[in-house]
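Have a look at the structure below before the remarks.
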Amino acid sequence: MARGCCRTRARRRRRWKALRGAAVAKLPRVGEETTGERAAAAPGRLLGRGRDADVYDLGDGRVLRRYRVDYDHANEITALRYLHAQGFPVPLLHEADGGRDMIFERADGPTMLADLLRHPWRARSHARLLADLHRRLHALAAPPGLPGPAPDPGRGVILHLDLHPANVLLSPTGPVVIDWSNAAAGPAGSDLAHTLVVMAVSEVPDLPWPLRPFVALLRRRFLRAFLAAAHADPAPFLAGACRRRLSDPNLLPSEARRINAMLARS
Ligand SMILES: Nc1ncnc2c1ncn2[C@@H]1O[C@H](COP(=O)(O)OP(=O)(O)O)[C@@H](O)[C@H]1O
Ligand SMILES: [Mg+2]
C-alpha cells in the first residue's frame with residue numbers, strides 16, 4: 001500500500017517535471033532583465049521584482065529595495081527593527097533614506113511560491129511553515145507607532161498583512177519574511193484572513209496556460225493545509241480583508257472580480 005502510494009507520487013512528480021520543463025523553464029529570468037536602457041539606471045543585478053518594488057543585488061551581501069513610487073516606509077522600519085530585536089526572521093535593515101530606497105541584508109534562496117511551483121508535493125509542509133510563521137509573529141505584541149484599530153499600544157499583536165508564499169524566502173538557515181510595508185497592529189485573525197484572500201484570488205505571475213489547472217489544485221491543497229494549521233480564526237475578518245485588498249492599486253481586474261464574488265458569498 002505504502003509502496004503503491006510512493007509510486008503514484010513519483011509518477012506525479014515525473015509528470016509535473018515534464019510539464020514544467022516545457023513551460024516553466026521558459027519564464028523570463030529576473031537576472032536577465034537589467035539589459036539595455038534599464039541596465040544604465042540599475043544599481044546592480046535585478047534580483048527580484050514584486051508589485052511595488054524592484055530589488056537589486058549590490059554584490060556585497062546586501063540588496064537595494066527600490067519602490068517604484070514615493071512611499072512613506074516609517075511603519076516598515078518600525079516593524080523591521082522591532083522584529084529583528086525580537087529574533088523574528090526578517091532581513092537586517094542596513095539603511096533607509098526616507099525616499100524610495102532601502103538597503104537590506106541579502107537572503108539567499110527561492111521564495112516559497114517559486115519553491116512550491118518547482119516542488120508541488122511540498123504544498124502541505126510549506127503551508128504548515130507559513131502557518132507557523134503567522135503563529136510566531138502573532139506571539140509578539142505590536143510595538144507603539146504602528147497603525148491599528150485603536151491609538152493606544154497594547155491593542156493587539158503585530159501583523160504583516162501580506163504574509164503569503166511570495167513574501168517568504170527559503171534561505172539555507174531558515175525562512176526569512178520580507179515586504180513589511182503593510183505592518184500594523186490588530187487581531188491575529190485579520191492577518192490570517194488577509195493571507196487567505198491573497199492566496200485564494202491572486203494570479204501567479206507569468207503562469208503559462210497549460211499549468212493553470214495544476215496550480216489551481218495546488219492552491220486548494222495549500223489553502224486546506226494552511227487553514228488546518230492556523231492558530232486563530234480568520235472567518236470574522238474575511239469580509240474586511242476582501243475590502244482592504246480591493247483598495248490595493250496593484251490589484252488586477254481578474255483578482256477584483258474574484259474578491260467581489262467572495263464578498264457576495266459572505
Ligand atoms: N532581502 C532580500 N534578499 C534577497 N532577495 C530579496 C530580498 N528582498 C526582496 N528580495 C527579492 O525581491 C522580490 C520582491 O521583493 P518584495 O520586498 O516582496 O517586493 P514587493 O513589495 O514589490 O512585493 C522578492 O520576491 C525576492 O525575490
Ligand atoms: Mg512582495
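Only the coordinates and a few stated rules stand behind these numbers; no lab work does. Keep in mind it's a predicted model, so treat the numbers as computed, not measured. Because the Cβ atoms are built from the backbone with ideal geometry, glycine has one as well, and the counts that use them run over all protein chains shown.
Restricting attention to region 68-99 and to residues that are surrounded by 17 or more Cβ atoms within 10 Å (Cβ to Cβ) and within 12 Å of ligand 1 (Cβ to nearest atom), the residue that is nearest to G148 (Cα to Cα) turns out to be E76. Residue pairs whose Cβ atoms lie under 6 Å apart, sitting 6 or more positions apart in sequence or on different chains, and linking a residue in region 250-266 that is basic (K, R) to a partner that is in a helix (DSSP H, G or I), are R258/V201. In this structure, is L192 surrounded by fewer than 21 Cβ atoms within 10 Å (Cβ to Cβ) and over 25 Å from V63 (Cβ atoms)? It is false that L192 is surrounded by fewer than 21 Cβ atoms within 10 Å (Cβ to Cβ) and over 25 Å from V63 (Cβ atoms). Scanning region 215-237 for residues that are within 29 Å of L83 (Cα to Cα), part of a helix (DSSP H, G or I) and not charged (D, E, K, R) yields a count of 10.
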